[in-house]
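What follows is one structure encoded as structure tokens, with my remarks underneath.
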Amino acid sequence: MTHDPLAHPEAPDEVGPDELHVRTERRVDLGRAAAQLDQRDRELVALRYGADLTAKQIGEVTGLKTNAVEVALHRALGRLRDLLDENRAVDESASESSPRDRVA
């Protein structure tokens, strides 16, 4: 069996503080946005990306048809993207007007 390094790139052993900060912020942002989804959307996203189930497997667990799972996941991911964009816009707006950023 041949190992293709591009198929599954190895994570670097050491991550610099800047990269660690960016990754942490992304995880916090994603968690905050996911918490804003309704329960069904959160469940579908968690089953697909957390439990790594296929649409067919999710259908078996939830009683939905595979196509319905695919459509619902597509829509849930769209809502998640929208929430991430909204949260980023709010964060950017808040940081622009933050008193700590102003020079005395």
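The values are calculated or read from the model by the stated rules, or taken from the named source; none is laboratory data. Bear in mind the structure is a predicted one, so any value in this text is a computation, not a measurement. In this analysis, Cβ positions are derived from the backbone assuming ideal geometry, glycine residues included, and neighbour counts consider all displayed protein chains. Side chains included, ligands, DNA and RNA excluded: accessible areas come from the protein's heavy atoms. Shrake-Rupley method; radii C 1.70, N 1.55, O 1.52, S 1.80 Å.
Pop a pseudo-label 7 angstrom from the Cα along the beta-carbon direction at both Thr66 and Glu19 and give the gap in nm to one decimal.
My value for the distance between the label points is 3.8 nm.
Rolling a 1.4 Å sphere over the protein heavy atoms, what is the accessible area per residue of the range 15-71, to the nearest Å²?
Values: 4130 Å² over 57 residues.
Averaged over the residues of the range 15-71, the accessible area is 72 Å².
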